[in-house]
Amino acid sequence: MTSRRQFIRRTSALGVGLLAFSRLSKAASPTFDGPVVLSTWNFGLQTNEAAWKILAEKGRAVDAAEAGARLAEDDLKSTSVGLAGRPDREGITTLDACIMDEFYNCGSVCFLEKIKHPISVARKVMETTPHVMLAGSGAQQFALENGFELDDYVNPESEKAWHEWLKTSEYKPIINFENHDTIGIVALDAHGNLGGACSTSGMAYKIRGRVGDSPIIGAGLYVDNEVGACTATGTGEEVIRIAGSHLVVEKMRDGMSPEDACRYAVERMIRIRPEQSKTLQVGFIAVNKSGEYGGYCIQPGFQYAVHTNEGNVLVDARSYY
Ligand code: GLY
């Protein structure tokens with residue numbers, strides 16, 4: 001159940017003025033009420049627990065977000081994140097991930113195979129290279145050179161589902177599939193700093209080489225430590241088209257609450273592609289510098305988990321339809 005304080009954080013209309021203050025001070029605003037972490041879907045509850053261990057010890061938001069993503073990647077039953085994820089149409093699971101900290105540092109990997117923790121490879125890219133994004137065999141080579149190991153794990157359930165899919169080879173994303181998709185995490189730490197991470201195996205049975213929004217800074221994730229952080233889940237092509245997470249952060253910069261900013265992005269998607277959006281799901285979650293948070297999605301059924309000092313709860317995001 002959402003506590004009163006969590007409700008206020010979710011719905012506060014004070015955001016505009018206080019956000020302006022925080023922009024000037026570059027520190028937590030007066031309403032700052034301790035750390036908060038948001039993660040997509042119902043598996044976000046476990047993700048938040050991993051992240052909260054770090055936030056509760058006054059650790060950095062980016063560390064919390066990475067820890068949360070690693071937990072999701074570790075789940076060998078998850079069919080939408082990590083090596084257990086559903087494969088592309090050739091039967092090969094490929095992974096996308098990105099991470100961003102409070103200093104505009106960011107790192108990303110995409111089309112990565114046989115590496116258990118793409119989020120940590122993305123972090124290595126962020127911290128040890130002059131680049132933001134590495135792809136495919138280059139990303140894998142970089143991972144191996146940096147101490148990550150090849151992992152041949154194949155999830156029998158994902159493999160079985162792929163064999164079933166081959167019978168028709170019909171490409172049809174399923175909305176709210178198993179209440180899973182990308183794990184996207186945004187966090188505000190005890191020092192008032194923001195960070196975020198996201199990780200996915202992408203769309204099941206995608207064309208080989210397809211990369212979605214999740215490893216693209218500004219689409220699947222964006223963190224601006226002056227304003228707020230946002231991450232996305234769902235059909236990545238639609239998120240990329242509007243640079244979704246960046247758009248949400250910019251609307252928060254203009255003074256919108258996190259939920260209103262997420263709604264603004266969803267409404268833009270629907271306005272530019274009204275027909276396509278009827279059969280797609282996209283969800284955004286966001287947190288601002290004051291610790292207010294919110295989410296919004298196209299179709300009903302998207303949930304996100306929120307952990308504050310009050311506890312860890314699952315929230316049904318409001319939806320356009
Ligand atoms: N949002 C995940 C993807 O489209 O790959």
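Rule-based calculations on the coordinates, nothing more; no lab input. Quantities reported herein were computed from a predicted structural model and do not represent experimental measurements. Note that we place each Cβ from the backbone using ideal geometry, even for glycine, and neighbour counts take in every protein chain shown.
The calculated 222 nm mean residue ellipticity attributable to helices in the chain amounts to -10500 deg cm²/dmol, summing -39500 (n - 2.57) over DSSP H runs of n ≥ 4 and dividing by all residues. Binning at 5 Å from 0, report for segment 83-228 what percent of all alpha-carbon pair distances ends up in each bin. Distribution as computed: 2, 10, 19, 21, 18, 13, 9, 5, 2, 1, 0 percent.
In straight-distance terms, cross-link reach from K172 covers every one of the aspartates and glutamates whose alpha-carbon lies under 17 Å from its own, apart from those fewer than eight places away in the same chain; here that gives D88, E90, E164, D181, E237, E238, E275.
Cross-link check: pairs K116/K167; K77/K206; K114/K251 evaluated at a Cα-Cα cut-off of 27 Å; pairs beyond the cut-off: K116/K167; K114/K251. Projected onto their three principal axes, the Cα atoms of segment 91-175 cover extents of 46, 28, 17 Å, largest first.
Based on the Stokes-Einstein relation at 20 °C and a viscosity of 1.002 mPa s, and on the Kirkwood radius from alpha carbon pairs, the chain is assigned a translational diffusion coefficient of 113 µm²/s.
Reducing segment 246-321 and segment 64-122 to their Cα centroids gives an inter-centroid distance of 22 Å. Of all complete DSSP H helices in the chain, not one has a Cα span along the helix axis of 30 Å or greater and a mean Kyte-Doolittle hydropathy of 1.6 or more. Report relative contact order for the chain in percent, whole number only (criteria: Cα-Cα under 8 Å, sequence separation at least 6). Once normalised by length, the contact order is 25 percent.
For K58, a cut-off of 24 angstrom between C-alpha atoms picks up these lysines, skipping any fewer than 8 places away in its own chain: K26, K124, K289. Each of S137, S245 has some number of other Cβ atoms within 10 Å of its Cβ, and from fewest to most they run S137, S245. Please label the shape of segment 40-89 as rounded, prolate or oblate, based on the square roots a ≥ b ≥ c of the eigenvalues of the alpha-carbon gyration tensor (a/c under 1.5 means rounded; beyond that, a/b larger than b/c means prolate, else oblate). Since a/c reaches 1.5 and a/b is larger than b/c, the shape of segment 40-89 is classed as prolate.
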